[in-house]
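**Student:** Let me give you the structure first, and then I'll get to my questions.
The values are calculated or read from the model by the stated rules, or taken from the named source; none is laboratory data. Given the structure is predicted, the values throughout are model-derived calculations rather than measurements. Please note: Cβ atoms are built from the backbone with ideal geometry, for glycine as well, and neighbour counts cover all protein chains shown.
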Amino acid sequence: MEVALGTAKSLLGHVLNNLPDDWMKSYVSSAELGTNLNMIKEKMRYARALLDVAKGRDDVVAGNPNLLEQLETLGKKADEAEDAVDELHYFMIQDKHDGTRDAAPELGGGLAAQAHHARHAARHTAGNWLSCFSGCCPRPRDDAAATDAMSGDGGHVGKLSFNRVAMSNKIKLLIEELQSNSTPVSDLLKIVSDTSNPQDSSSSTKRSPTSSQITQDKLFGRDAIFQKTIEDIIIAKDSGKTLSVLPIFGLGGIGKTTFTQHLYNHTEFEKHFTVRVWICVSTNFDVLRLTKEILSCLPATENAGDKIANDTTNFDLLQKSIAERLKSKRFLIVLDDIWECSNNEEWEKLVAPFKKNDTTGNMILVTTRFQKIADLVKKETNPVDLHGLDPDEFWKFFQICAFGSIQDVEHGDQELIGIARQIADKLKCSPLAAKTVGRLLIKKPLQEHWMKILENKQWLEEKHGNDIIPALQISYDYLPFHLKKCFSSFALFPEDSKFYKSEIIRLWDSIGIIGSSIQQKKIEDIGSDYFDELLDSGFLIKGGNDFYVMHDLILDLSRTVSKQDCAYIDCSSFEANNIPRSIRYLSISMQDHCAQNFEEEMGKLKEKIDIKNLRSLMIFGKYIRLHLLNILRDTFKEIRRLRVLSIFIYSHSSLPNNFSELLHLRYLKLLSPYYSEMSLPNTVSRFYHLKFLDLEQWGSDRSLPKDISRLENLCHFVVSEKIDSNVPEVGKMIFLQELKEFHVNKESVGFELQELGKLDELGGKLNIYGLENVRTKKEAKEAKLMSKRNLVELGLIWNMKQESTEDDILDSIQPHSNVRSLFIVNHGGTLGPSWLCSSDTIYMKNLETLHLESVSWANLPPIGQFYHLRELRLSKIVGISQIGPGFFDSTTEKSVSHLKAVEFNDMPELVEWVGGANWNLFSGIERIKYEDNEEVVLHFPPSSSLRDVNFTGCKNLILPMEEGAGFCGLSSLESVTIHKCDRNITMDGFNPHITSSLKYLCVYNERNDGTDPYSVAADLLVAVEALLMNLTSLKSLKIYNCLCHEQSTGLMALLTNLTSLTSLELLDCTNITMDGFDPHITFNLKNLRVYNMRHGETELYYVAADLLVDVARTKAMHISSFQLEGLTIVDNKASSIIEETKEIQIRRKPASPSSYMPNSSVDTHTLYTLIFFVMTFIVFFMNYVHLNFQFI
């Protein structure tokens, strides 16, 4: 005890003796914070510039290990400096919210500033003094603040403490370290730049020359497209055009040159073209060089001047000589492997002499990897877009590459063939990939060797110029530096991911790949340009309306080129030894069934990489096992510097331990199970740097933390509906660019309309609810909608219909004229707003969609003067009895030329749409919908474009059949839906030939109440049978709740006419018999659904059970005839059909198709989905009659 007391006294004396010096140093450090901040920013810019220069010289740096080591150290120090500055900015924002100045860089020189520095110096010195005793008197850890921050009670969250002196000292030390590391890097870069060969930088993109000589005897898997291309080229001869240009484009290694070689040497072309020339363009698109090369390949004429043209550099003379030599000759010129062409002018200069020929049918074939090149050179031709080989043909080709010949499936080595099948599936039908892997396999045809290649994807390590990854990497090497960084980020995503442009741009922005430009261009616009460049360069493929995909081999390339920075881990199999120490961006694909050694490998990973300084962590997939949660929490418990976090959580315990202290976050994506009571963690409102908060897949409690509006840097709040309407004082988020909903609520603070007025950047879609709470024009103007030029869709909604007031606010809530979609509901005024309804001055000139609901205006908008209007929807509007010539105001050809869709819902007085003098101007309408209208006499506009008509809830629908009305003249009609039209449908004089183009027909009657079983459904079905007489193009037929009677011609018999039918659904169709049914129509069906629920033995006859039995008894049909992907039979009297249907085989439903590669071949002998709902259970027939029972 005495020894311990003596030690404490000695330590206290030492501290007291040094306290004045420590305090003074701390005071100086506090005062120097502003100076240090400015200096470190300068040093950071210099260090980042050095690192960018080095990354742009990979060809030189890669061979210098000492320089690589120096660059790695400098990179770490630059990251630390960036973190320090970022942390200081965080506390500056916290000061702003709390009204303090603790983190202000400059405090001035007055007494108040001196007192401020003194207080910080004292606090820091006292903290150091107390820390001296921490070893003797350890304090228990207090996690109360962290627990409060992690809770989701929606309450306020506490602030983080800031040590001004420590921050200043930290920055000062980093300045010294940046300086000491930058100098040797700069010196080394100068040395290697001076000693390197100037040609080295372009060597990586140097291409091997190609020629017209066929290098692959057989063209596998291209028969159909090859023959079509030949026909198109020959047909061009009769088109009367002098010159046609046909681009052939696709990924590197996909076989463009091989395909074109076979075209060039085809016997038809040898006869068809007098002159044929093959030019390998490669990466150097020099018009003069190419012109000279083409001329040198053309036979000279007898003209003396022409003979010396080969030796001149005069561009005019060269082109004249080409024109002279090609005169009266039909020619084929191949420009193979074009990588660049700066603009259309350069292209036109090159092809100018070829247009002066007096023959027709001349052809230029262009091969390229890039969509933008194909778009540039094509004129009126459709490019040949080469994808992977047909799967069956690829398998044959791969066997030749791997075995030397096509194998005998029954007598060959079954083990090797099986392994080869698995490898072939991973190559996604790429010919060059087949050649690369084939060379590896054929060397050593042993199972162990082949399995090693399969498991390790060993072909990705092959570095020869004619291997797949080097062939693809040439495209990568050709990219500018900024696009290389963008492309590398795709390495973090799983295979078969769907990429959404906005999400990728947010990722790039968050990890610092893109920044503001000198031209003050928006980050989003810069990112969009980068994304489009990758798309044009062939690295991405359009997959649908709003997403993109990446070919697996391109994704492999991304992982190869970024492996020092990015790592993607699949929990089912990974080895920590394969992950470099230097990674800064990490993603993990999780599931509950992980590899047995997952915990062990994650432990190794934690020891190997710098977890604390990871910049991004994205965890894909769902997992609920507590053991896995604990592994991840333990692995990432030291995480500190994240800019991006994406994670699925079942509870707050799923989050990283330090979640509440992730001060640097820019992008947070949280996913959760639906219907969970878990709330968003309170600490989210403390991430002041956050720019992107993605809660679109947050299925739990929708409440938000009270302080959520403190996220002043938030640009995008991506949420499902209703969540963003809960943000109080949303006006504090001054950079917010999207807010789907805002609810005006004067009873709650922070929900006044003036909050919207502060959001100058607001764009996209905005619906404003509760406008009945806005009483004056002054309040309405506070929304400042007219200044929001980025708004695209606007909804103005009164929650209840209001009586007109003298101070009507709708005129004052005028939006910007850029709004393209407008939705007004329940406005109670008698007049529409002048900015919408005035015909003297058209303000809403860009309006494309107009939806008015429950308004009673005396002055409707001048619809005919909205020249860009594409869609018109009117709902619950009284006073409109006829849609006629006067309804659209001054109708001209210009006024309705864009109108594509018209919808009238619940219009109680509307009885007729009739034509007029300008009836023909509506020929562009593609979709018409009538819903809940009592009685409608419908005269269709004579549209040559009408594709879709929908009648829902029309009590008395009359479709006149006279010339120019009703269905007459609608040769383009593809879809008809008749839903709940349960009184009468009149189609007198109907001619079934006018709907011969129909592809989709749905008739849905309301379930009969039993009072009059024939009055409704029978007449409806008679009308349907009339439609079915001649619908040879019909692909989908759905009939719900209809019944037959003695007037019926036999619905099932009429199905025989539907030779194109692929989907048939009959639900509760009473009294339909199998009379006349031909089971052979099921040959082409991919979906068959018959659902009948009988309500007693006296119930009228239903068709469900007998339909499938009839099919099963048809012995004439071969077992492999069926194309079904889904079959549902629902009937509580279907007990006999199981035995009858044992032999039915259903094709395997293909996975989501890639827009680049075709699906794998379909196994017609696998029963994938055969479902019988027999009241209480589901029977799944798998592999013939293997039964699994499940309850739903």
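**Student:** Would you check if Lys379 is assigned to a loop (DSSP other than H, G, I, E, B) and touching a residue at least 12 places away in the same chain (Cβ under 8 Å)?
**Tutor:** On the way: assigned to a loop (DSSP other than H, G, I, E, B): yes; touching a residue at least 12 places away in the same chain (Cβ under 8 Å): yes.
Yes, satisfied.
**Student:** Just to be sure, is Leu416 more than 36 Å from the chain's Cα centre (by Cα), assigned to a helix (DSSP H, G or I) and of a type in the set (A, V, I, L, M, F, W, C)? Let's see the steps before the verdict.
**Tutor:** Working: more than 36 Å from the chain's Cα centre (by Cα): yes; assigned to a helix (DSSP H, G or I): yes; of a type in the set (A, V, I, L, M, F, W, C): yes.
Yes, satisfied.
**Student:** For the structure I just gave you, tell me whether Asp385 is crowded, with 19+ Cβ neighbours inside 10 Å, under 28 Å from Leu555 (Cβ atoms) and acidic (Asp, Glu).
**Tutor:** Details: crowded, with 19+ Cβ neighbours inside 10 Å: no; under 28 Å from Leu555 (Cβ atoms): yes; acidic (Asp, Glu): yes.
Answer is no for this residue.
To keep it simple, each residue is scored yes or no on (1) modelled with pLDDT of 90 or more; (2) over 35 Å from the mean Cα position of the chain (by Cα); (3) surrounded by fewer than 16 Cβ atoms within 10 Å (Cβ to Cβ).
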position	(1), (2), (3)
Met39	yes, yes, no
Ala54	no, no, no
Arg57	no, no, no
Val61	no, yes, no
Asn66	no, yes, yes
Thr73	no, yes, yes
Ala81	yes, no, no
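**Student:** Only one residue in Ser703, Ser748, Ser672 is surrounded by fewer than 17 Cβ atoms within 10 Å (Cβ to Cβ) and closer than 28 Å to Pro656 by Cβ. Which one?
**Tutor:** Values: Ser748 fails: closer than 28 Å to Pro656 by Cβ; Ser672 fails: surrounded by fewer than 17 Cβ atoms within 10 Å (Cβ to Cβ).
Just a single option satisfies the conditions, and that option is Ser703.
**Student:** Select, from Asp316, Asp358, the only residue that is surrounded by fewer than 21 Cβ atoms within 10 Å (Cβ to Cβ), free of Cβ contacts under 8 Å to residues at least 24 places away in the same chain and not assigned by TED's automatic domain parsing to the domain that holds Glu533.
**Tutor:** Working: Asp358 fails: free of Cβ contacts under 8 Å to residues at least 24 places away in the same chain.
Going through Asp316, Asp358 in turn, the sole match is Asp316.
**Student:** Would you call Thr368 at negative phi, at pLDDT 85 or above and not aliphatic (A, V, I, L, M)?
**Tutor:** Numbers: at negative phi: yes; at pLDDT 85 or above: yes; not aliphatic (A, V, I, L, M): yes.
Yes; evaluated as a whole, the condition is true for this residue.
**Student:** On to the next question. Give region 678-695 a look and list any residue that's assigned to a strand (DSSP E or B) and either outside the structural domain of Ser653 (by TED's automatic domain parsing) or surrounded by fewer than 20 Cβ atoms within 10 Å (Cβ to Cβ) (or both), or say none. Give the steps one after another, and end with the answer.
**Tutor:** Taking region 678-695 and keeping what is assigned to a strand (DSSP E or B), we get 692-695.
Passing the criteria: only Asp694.
**Student:** Now a separate question. Please enumerate the residues belonging to region 31-50 that are closer than 20 Å to Gly110 by Cβ and free of Cβ contacts under 8 Å to residues at least 60 places away in the same chain.
**Tutor:** The one that is closer than 20 Å to Gly110 by Cβ and free of Cβ contacts under 8 Å to residues at least 60 places away in the same chain: Thr35.
**Student:** Please go through region 764-788 and pick out each residue that is under 14 Å from Glu738 (Cα atoms), of a type outside the set (A, V, I, L, M, F, W, C) and buried (at least 18 other Cβ atoms within 10 Å of the Cβ).
**Tutor:** Initial filter on region 764-788 (under 14 Å from Glu738 (Cα atoms)): 764-768, 785, 788.
Subsequent filtering for residues that are of a type outside the set (A, V, I, L, M, F, W, C) retains 764-765, 767, 788.
Scanning region 764-788 gives Asn767, Lys788.
**Student:** Go through the residues of region 732-754 one by one and say whether even a single one is touching a Pro at 6+ places or on another chain (Cβ under 7 Å), touching a residue at least 40 places away in the same chain (Cβ under 8 Å) and not in a helix (DSSP H, G or I).
**Tutor:** For region 732-754, residues touching a Pro at 6+ places or on another chain (Cβ under 7 Å), touching a residue at least 40 places away in the same chain (Cβ under 8 Å) and not in a helix (DSSP H, G or I): present.
**Student:** Please enumerate the residues belonging to region 247-301 that are of a type in the set (A, V, I, L, M, F, W, C), in a loop (DSSP other than H, G, I, E, B) and closer than 22 Å to Ser475 by Cβ. Steps first, please.
**Tutor:** Residues of region 247-301 that are of a type in the set (A, V, I, L, M, F, W, C), as a first pass: 248-249, 251, 254, 259, 263, 269, 273, 275, 277-281, 285, 287-288, 290, 294-295, 297-298, 300.
Still in the list and also in a loop (DSSP other than H, G, I, E, B): 251, 254, 273, 285, 298, 300.
Listed by number, the residues that qualify are Leu251, Ile254, Phe285.
**Student:** Turning to a different aspect of this structure: Looking only at residues in region 12-37 that are of a type in the set (S, T, N, Q) and at pLDDT below 65, which one is surrounded by the most Cβ atoms within 10 Å (Cβ to Cβ)? Give the steps one after another, and end with the answer.
**Tutor:** At the first step, the residues of region 12-37 found to be of a type in the set (S, T, N, Q) are 17-18, 26, 29-30, 35-36.
Remaining after also requiring at pLDDT below 65: 17-18.
On the way: Asn17: 9, Asn18: 13.
Checked region 12-37; the qualifying residue surrounded by the most Cβ atoms within 10 Å (Cβ to Cβ) is Asn18.
**Student:** Now for a separate question. What's the number of the condition Leu317 fails, among (1) outside any helix (DSSP H, G or I); (2) at pLDDT below 90; (3) not hydroxyl-bearing (Ser, Thr, Tyr)?
**Tutor:** Answer for Leu317: the failing condition is (1).
**Student:** Now for a different question. Quick one: in region 567-595, of everything that is in a loop (DSSP other than H, G, I, E, B) and acidic (Asp, Glu), which residue is modelled with the lowest pLDDT?
**Tutor:** Within region 567-595, the subset in a loop (DSSP other than H, G, I, E, B) is 571-575, 579-584, 590-595.
If we keep only those that are acidic (Asp, Glu) as well, we get 575, 592.
Numbers: Glu575: 88, Asp592: 83.
For region 567-595, the residue satisfying everything is Asp592.
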